[in-house]
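Visitor: Once you've had a glance at the structure underneath, I'll fire off some questions.
Throughout, read-outs are computed from the coordinates displayed, never taken from laboratory work. From a predicted model like this one, the values you see are computed outputs, not experimental measurements. FYI the Cβ positions are ideal-geometry reconstructions off the backbone, even for glycines, and counts take in every protein chain you see.
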Amino acid sequence: MGVAAKEFDRSNAEEEIRAAMTAASPEARELVKSVLSIERDKLHMKLPRHVIEEITEAVEDIVQ
Amino acid sequence: MKLLTLELRDFRQFRGTQTIHFAGGEPLNVTVIFGANGTGKTTLLNSFTWALYGEFTPDFEHPERPINQRVWDAAGDGEEVSAEVQLEFEHDDGRYMVKRIARCRKEGTEPQEVRGSQVSLYLTDASGRFRELPGAADAVDQILPKRLHQFFFFNGERIDRLAQQTAYEEIEAATKTLLGLEVMERAVKHLPKVAQNFEAQLKKVGSSEQQEVAARLDDLRSNHEALEDQRTQAKRNIAALDSERDVLDGRLRDLADARALQEDRDRYEAELGQTRKRIADQRAAIDGLVSDKGFYALLGSLGEQVQSTFGELKSRGELPTPIKRTFVAELLEKGECICGTPLVEGEHAHHLVAEYMERGGVAEVEQRWIQLNSEAQNLDRDREDLRGELERAIGLLADLRAQETDLDERLSAIASKLQNLPSEEIRELEKARGKLEEKRSDWLRRDGGFEQEQDRLQSEIDAAKAELDKAQARSQEAALAQRRAAVASEAQTVFQRIYDVLQHEVRKELDGRVKETFRSISFKPREPELNEDFELRLWDVENGIRTPAAKSTGENQILSLSFVGGLASLARDQAKAQDNGKGGLEALLSGVGGIYPIVMDAAFGNLDLDYREDVARALPRLAPQSIILVSKGQASGEVMRELDPRIGRAYVITYSTPKEGEDEQISFNGHSYPYKRSGTVENEMAELTEMEVG
């Protein structure tokens with residue numbers, strides 16, 4: 001492949017994202033991960049079902 | 001996604017079953033399919049999108065007629081006919097097959113009108129057999145999201161539209177899908193709603209009531225303590241009076257005339273003390289009896305009813321049942337009846353035995369019935385026992401009360417005798433003793449009052465404590481709701497920040513790749529740009545100064561292809577990043593990703609000769625696998641010279657028409673193949689023929 005064979009240079013983005021995550025509380029960090037997984041599972045749906053309920057449950061699990 | 005084979009059955013102009021095997025190795029990664037205009041190239045492009053998503057490109061004529069027209073015409077009235085496309089591909093080390101079928105029943109001479117189709121997705125298992133996967137449409141969308149497919153399966157003559165400003169939405173959406181930004185966009189939209197829900201909970205649970213209940217509880221407790229002090233004082237007074245009385249009693253005992261009476265009094269008082277204790281014990285015993293066994297008195301004829309039901313079940317032969325469910329279940333599991341008949345699911349014998357599951361008894365239920373029946377037999381006896389015990393206890397209590405009255409009377413008689421004795425000293429002593437007794441009774445009564453008040457306060461304290469616990473719980477709930485709302489908002493801020501960073505970085509990254517791809521296709525001193533607004537622009541660069549370039553269709557096509565190439569290479573790296581399996585932070589950066597082929601119809605249609613050569617050189621390098629659909633006219637010498645070293649498979653669509661004088665041949669690698677055939681058939685038809693390569 002002669003075209004654009006170099007690796008995606010993520011270092012800048014990674015650094016900024018790491019900073020955003022480090023600044024967040026441990027609970028918010030955990031929630032970010034849970035929400036990512038919930039939203040990713042529903043990505044194929046135009047109007048995702050029960051997403052608010054699932055995120056609410058995730059918050060309730062994390063913050064007790 | 002690496003395409004392996006495409007199989008069409010009675011789909012549009014392709015009658016019967018026709019198959020294409022795709023080239024997919026390096027460097028031979030190109031499959032070229034030749035076909036005259038209007039003979040089936042666009043149908044082949046659409047067969048991919050139809051198989052995967054059930055959709056056709058907007059320019060596809062009569063999408064309601066996927067079934068081959070000759071097959072349709074030949075079908076009888078009421079007969080069901082169908083068309084099918086199967087696409088086999090590799091993805092993430094798995095071999096998949098997506099199969100879509102359109103069915104339609106012919107009604108008289110009504111034209112074909114197919115509504116909907118059925119899709120199935122299969123994955124090969126360890127033994128190499130295809131096994132159907134659930135949720136085919138969703139699974140396909142996860143392999144190649146529908147929103148991305150138009151960048152990889154497209155008509156070359158229309159791809160130039162990506163370079164128009166109106167395409168920014170499409171480009172932005174594709175980029176976001178690919179890089180997982182859409183996930184974050186959704187999270188940013190959904191999290192405030194979650195935070196709002198928690199805030200609404202917060203309003204429902206107040207906190208001022210907690211303070212009010214706590215203050216009331218404090219008051220009750222201090223009142224209770226004050227009473228305790230008063231009781232302590234009362235007890236001290238009683239004890240002091242008792243000592244004074246003991247002194248008087250001692251003096252009476254020392255006086256000869258009073259001694260006998262005083263000794264009687266000592267004895268009777270001791271007896272009275274014991275009797276009162278026994279009365280209290282007896283009352284407690286009766287209370288215990290009523291609370292433990294009192295319910296027997298209320299059961300009525302329940303015992304008899306249980307016994308009669310048990311008797312009926314027994315006389316009908318239902319208890320115990322002749323056959324147990326566990327026994328039937330064992331037979332079914334073993335697959336053989338006790339008579340030796342094999343029990344195969346779905347067969348009559350199996351059905352007959354299985355019926356016994358309903359009729360068979362459950363051992364545990366039967367055991368409980370027997371136990372219940374024996375307890376029911378005891379019920380009447382237990383009730384009688386209770387009656388006897390209560391009668392005896394109440395009788396004993398009455399005896400003790402009579403004893404108490406008798407002792408009281410005797411003591412009064414002694415007091416009155418002592419008061420009437422001739423000795424003044426004795427009379428004075430007895431009088432003083434009487435006063436002490438009165439004071440003592442007063443204090444005892446007061447202490448009883450304090451005790452009652454304390455009991456009342458105690459139950460108020462208990463109620464207030466329970467109320468406070470509830471208020472505290474509600475207030476904890478409020479605090480929790482507040483923290484939850486805060487965490488949801490914080491997560492939203494984190495997502496927004498990450499989203500902004502990624503959007504910026506990703507656009508920059510994609511812009512770089514578009515530039516690189518463009519440079520590999522075109523040697524002109526021009527620079528493409530994917531700007532902040534996700535618009536594809538082309539600039540003339542002279543002495544470091546950029547001016548907007550005037551774009552021809554050819555340049556727009558190259559610019560658009562550069563974007564497709566950039567997108568494909570980014571998708572490939574995304575897939576690599578996912579394969580590396582980095583967790584944590586990496587999960588935030590992983591979008592959809594994947595290795596995608598390019599399927600391009602009319603690849604060189606609108607292009608000048610210069611550009612055709614450039615595009616032909618670039619195409620095999622844009623993606624790991626390219627399928628190029630071209631007409632004989634588009635496949636000029638320059639184009640074929642560039643493509644030839646990369647072609648792994650080649651096909652020609654031979655088009656047969658009833659019209660005379662249309663015969664045409666196509667040459668490829670020194671062989672000649674029929675391109676158009678005249679007058680050989682009643683209807684137009686297309687056939688795929690594989691050509692020799694290399």
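Visitor: Once you have the Kirkwood Rh of segment B:149-243 from its Cα pairs, apply Stokes-Einstein at 20 °C and 1.002 mPa s and quote D in µm²/s. Walk me through the intermediate numbers first.
Guide: Details: Rh = 21.4 Å.
This corresponds to a translational diffusion coefficient of 100 µm²/s.
Visitor: For segment B:81-107 and segment B:1-62, write down the distance between their C-alpha centroids in whole Å.
Guide: 12 Å
Visitor: Assign unit charges at the C-beta atoms only (+1 for Lys and Arg, -1 for Asp and Glu), then state the dipole size of segment B:645-694 relative to its Cα centre in Debye, rounded to the nearest 20. Don't skip to the answer; put the middle values down first.
Guide: Details: 5 positive and 9 negative charges, 58 e Å.
Charge dipole, segment B:645-694, about its Cα centre: 280 debye, nearest 20.
Visitor: I would also like to ask the following. Would you order B:LEU302, B:LEU536, B:LEU421 from fewest to most other beta-carbon atoms within 10 Å of each residue's own beta-carbon? The partial results should precede the final answer.
Guide: Numbers: B:LEU302 11, B:LEU536 23, B:LEU421 16.
Going from sparsest to densest Cβ surroundings: B:LEU302, B:LEU421, B:LEU536.
Visitor: Let me ask you something else. When the C-alpha atoms of chain B are aligned to their principal axes, what extent does each axis show, in angstrom, from largest down?
Guide: Projected onto its principal axes, the Cα set of chain B covers 163, 87, 44 Å.
Visitor: Counting just the Cα atoms, what span does segment B:201-312 cover along each of its three principal axes? Round to the nearest Å and put the largest first.
Guide: 80, 62, 11
Visitor: Let me ask something else about it. Which order results if B:LYS439, B:LYS176 are arranged by neighbouring Cβ count within 10 Å, fewest first?
Guide: Working: B:LYS439 16, B:LYS176 22.
The fewest-first ordering by Cβ neighbours comes to B:LYS439, B:LYS176.
Visitor: Quick check on chain B: helices-only [θ] at 222 nm, where DSSP H runs of length 4 and up contribute -39,500 (n - 2.57) each and the sum goes over total residues. Nearest 500, please. Can you show the working numbers first?
Guide: Values: 17 runs with 395 residues, N = 694.
It lands at -20000 deg cm²/dmol.
Visitor: How much of the DSSP beta bridge set in chain B is antiparallel, as a percent to the nearest 5?
Guide: Details: 58 of 80 bridges.
Around 70 percent of the beta bridges assigned by DSSP in chain B are antiparallel ones.
Visitor: Taking 0.36 nm per intervening residue step and subtracting the Cα-Cα distance, what contour gain separates B:GLU662 from B:THR5 on full extension? Can you show the working numbers first?
Guide: Numbers: separation 657, 0.36 × 657 = 236.52 nm, distance 3.08 nm.
Separation in residues times 0.36 nm, less the Cα-Cα distance, equals 233.4 nm.
Visitor: Only sites in a loop by DSSP and with at most 14 other Cβ atoms within 10 Å count here; which GluC sites (Glu not before Pro) in segment B:347-438 make the cut? Working shown, then result.
Guide: Working: sites: B:GLU347, B:GLU355, B:GLU358, B:GLU364, B:GLU366, B:GLU375, B:GLU384, B:GLU389, B:GLU391, B:GLU404, B:GLU409, B:GLU424, B:GLU425, B:GLU428, B:GLU430, B:GLU437, B:GLU438; in loops: B:GLU347.
The qualifying sites are B:GLU347.
Visitor: Using only the Cα atoms, work out Rg/Rh for the protein assembly as shown, with Rh taken as the Kirkwood radius, to two decimals.
Guide: Details: Rg = 48.4 Å, Rh = 36.7 Å.
Taking Rg over the Kirkwood Rh, I get 1.32.
Visitor: Could you work out how far helix B:181-204 tilts from the main Cα principal axis of chain B, as a 0 to 90 degree angle to the nearest 10?
Guide: 20 degrees
Visitor: If you fit an axis through the alpha-carbon atoms of helix B:424-521 and take the longest principal axis of the Cα set of chain B, what angle between them do you get, 0 to 90°, nearest 10?
Guide: Value to nearest ten degrees: 10.
Visitor: May I ask you to compute the full-extension gain from B:LEU390 to B:ALA75, defined as 0.36 nm times their residue separation minus their alpha-carbon distance, rounded to one decimal in nm? Please report the intermediate quantities before stating the final value.
Guide: Details: separation 315, 0.36 × 315 = 113.40 nm, distance 9.53 nm.
Full extension from B:LEU390 to B:ALA75 adds 103.9 nm.
Visitor: What distance in nm separates the simple spin-label points at B:ASP408 and B:SER243, each placed 7 Å from Cα in the Cβ direction?
Guide: 3.0 nm
Visitor: For B:LYS334, give me every one of the aspartates and glutamates with a C-alpha distance below 17 angstrom, ignoring sequence neighbours fewer than eight places off in its own chain.
Guide: B:GLU345, B:GLU347, B:GLU355
Visitor: How charged is the neighbourhood of B:LEU45? Take every other residue with its Cβ under 14 Å from the Cβ of B:LEU45, and add Lys/Arg as +1 and Asp/Glu as -1. Don't skip to the end; give the middle numbers.
Guide: Details: positive: B:ARG12, B:LYS41, B:ARG158; negative: B:GLU55, B:ASP59, B:GLU61, B:GLU157, B:ASP601.
Around B:LEU45, the charge tally is -2.
Visitor: Follow-up. Would you mind checking the tilt of helix B:553-579 against the longest principal axis of the Cα atoms of chain B, expressed as 0 to 90 degrees and rounded to 10?
Guide: For B:553-579 against chain B, the angle is about 40 degrees.
Visitor: With both bridge residues required to lie in the protein assembly as shown, what share of the DSSP beta bridges run antiparallel, to the nearest 5%?
Guide: Numbers: 58 of 80 bridges.
The antiparallel fraction comes to roughly 70 percent.
Visitor: What does the charge count near B:GLU304 come to, summing +1 for each Lys or Arg and -1 for each Asp or Glu among other residues with Cβ under 15 Å from its Cβ? Write out the running numbers ahead of the final one.
Guide: Values: positive: B:ARG381, B:ARG383; negative: B:GLU312, B:GLU375, B:ASP380, B:ASP382, B:GLU384.
My count for the surroundings of B:GLU304 gives -3.
Visitor: Further question on the same structure: Are any of the pairs B:LYS524/B:LYS551; B:LYS41/B:LYS632; B:LYS277/B:LYS417 more than 18 Å apart by Cα-Cα distance, and if so, which?
Guide: Working: B:LYS524/B:LYS551 12 Å; B:LYS41/B:LYS632 12 Å; B:LYS277/B:LYS417 27 Å.
The pairs that break the limit, which is 18 Å between Cα atoms, are B:LYS277/B:LYS417.
Visitor: Tell me, what is the FRET efficiency for B:GLU269 and B:ARG236 to the nearest 0.05, using R0 = 25 angstrom and their Cβ-Cβ distance as r? Display every interim value, and only then the final one.
Guide: Working: r = 21 Å, r/R0 = 0.86.
Taking R0 as 25 Å, the efficiency between B:GLU269 and B:ARG236 is 0.70.
Visitor: Compute the distance in nm between two label points, each set 7 Å from the Cα along the Cα-to-Cβ direction, one at B:GLN211 and one at B:ASN683.
Guide: 8.7 nm
Visitor: Just want the ordering: B:PHE130, B:PHE668, B:PHE34, from fewest to most Cβ atoms lying within 10 Å of their own Cβ.
Guide: Values: B:PHE130 16, B:PHE668 20, B:PHE34 24.
Final ranking by Cβ density, sparse to dense: B:PHE130, B:PHE668, B:PHE34.
Visitor: If you don't mind, another one. What is the local net charge at A:ARG49, summed over the other residues whose Cβ is closer than 12 Å to its Cβ (Lys, Arg +1; Asp, Glu -1)? Spell out each step's value before the answer.
Guide: Values: positive: A:LYS42, A:LYS46; negative: A:ASP41, A:GLU53, A:GLU54.
Within the 12 Å Cβ shell, the charges total -1.
Visitor: Taking the Cα-to-Cβ direction at B:ARG253 and at B:ALA297 and moving 7 Å from each Cα, how far apart do the two end points lie in nm?
Guide: Computed distance between label sites B:ARG253 and B:ALA297 equals 4.6 nm.
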